[in-house]
Amino acid sequence: MKIQIINGPNLNLLGKRETSIYGSESFEVYFETLKKRFPSVELQYYQSNIEGELVNKLHEVGFSFDGIILNAGAYTHTSVAIHDAIAGIKTPVVEVHISNVYSREEFRHKSLITSKCIGLITGFGLEGYAMALSYLTRG
Ligand code: DQA
């Protein structure tokens, strides 16, 4: 089973960035833990700060992988292009946010991508990625 994790803008700074909101662990370190927790999954990780590169990655994996876990970062709230990319691919996408976007600024309450995802996990910290993986790998 092949699953792609895609992180959007500023998520390369996890562990350094606003640690009171996003925690002090880098995604690279967490990714190693995830791979150990889900040894039977072929897990890949991609991060970009560039909207079009996120669209390209969705196209690249979206017809062959079994699942995509997407944290589109701030593009969640603005990107028609990412909405359209998810709508255009076959692989199911789970939307993940580390913070609880509904307890934060109002501009984070609107997601342009949720309607094209199978579900949304928000507010459980990095554990949200493991929760998404549990769903995608359920028997
Ligand atoms: C985020 C929430 C977004 O509103 C924000 O722009 C991010 C991270 C999260 O994981 O909580 O960059 O997607």
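Numbers at a glance
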| item | result |
| --- | --- |
| Residue count for segment 74-85, restricted to those that are more than 15 Å from the ligand (Cβ to nearest atom) and either part of a strand (DSSP E or B) or open to solvent by less than 10 Å² (accessible area, probe 1.4 Å) (or both) | 1 |
| Checking LYS90 against (1) assigned to a helix (DSSP H, G or I); (2) open to solvent by 50 Å² or more (accessible area, probe 1.4 Å), the condition it does not meet | (1) |
| Looking only at segment 107-139, and only at residues there that are closer than 13 Å to HIS97 by Cα and of a type in the set (Phe, Trp, Tyr), the one that is surrounded by the fewest Cβ atoms within 10 Å (Cβ to Cβ) | PHE124 |
| Unique match (being closer than 17 Å to LEU112 by Cα, surrounded by 15 or more Cβ atoms within 10 Å (Cβ to Cβ) and in contact (Cβ under 8 Å) with a residue 12 or more places away in the chain) among LEU58, LEU34, LEU14 | LEU58 |
| Any hit, segment 36-45, residues being within 16 Å of the ligand (Cβ to nearest atom), at pLDDT 95 or above and not hydroxyl-bearing (Ser, Thr, Tyr) | no |
| Of all residues in segment 58-73 being within 12 Å of the ligand (Cβ to nearest atom) and touching a helix residue (DSSP H, G or I) at 6+ places or on another chain (Cβ under 7 Å), the one that is farthest from ARG138 (Cα to Cα) | GLY73 |
| Segment 17-31 - residue that is touching a residue at least 12 places away in the same chain (Cβ under 8 Å) and not charged (D, E, K, R) and, of those, surrounded by the most Cβ atoms within 10 Å (Cβ to Cβ) | PHE27 |
| Some residue of segment 94-103 being surrounded by fewer than 18 Cβ atoms within 10 Å (Cβ to Cβ), under 20 Å from ASN56 (Cα atoms) and β-branched (Val, Ile, Thr) | no |
| Segment 1-35: number of residues that are of a type outside the set (S, T, N, Q) and more than 11 Å from the ligand (Cβ to nearest atom) | 15 |
| Evaluation of TYR129 against (1) under 20 Å from ILE3 (Cα atoms); (2) in a helix (DSSP H, G or I); (3) within 12 Å of the ligand (Cβ to nearest atom); (4) free of Cβ contacts under 8 Å to residues at least 60 places away in the same chain (one fails), failing number | (4) |
| Subset of segment 96-110 that is touching a residue at least 12 places away in the same chain (Cβ under 8 Å) and more than 9 Å from the ligand (Cβ to nearest atom) - its residue that is farthest from the chain's Cα centre (by Cα) | SER103 |
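The values are calculated or read from the model by the stated rules, or taken from the named source; none is laboratory data. Treat the numbers as computed from the prediction; the structure is a model and nothing was measured. Cβ sites come from the backbone with ideal geometry, for glycine too, and all protein chains shown count toward neighbours. Accessible surface areas use protein heavy atoms only, side chains included; no ligands, DNA or RNA. Shrake-Rupley method; radii C 1.70, N 1.55, O 1.52, S 1.80 Å.
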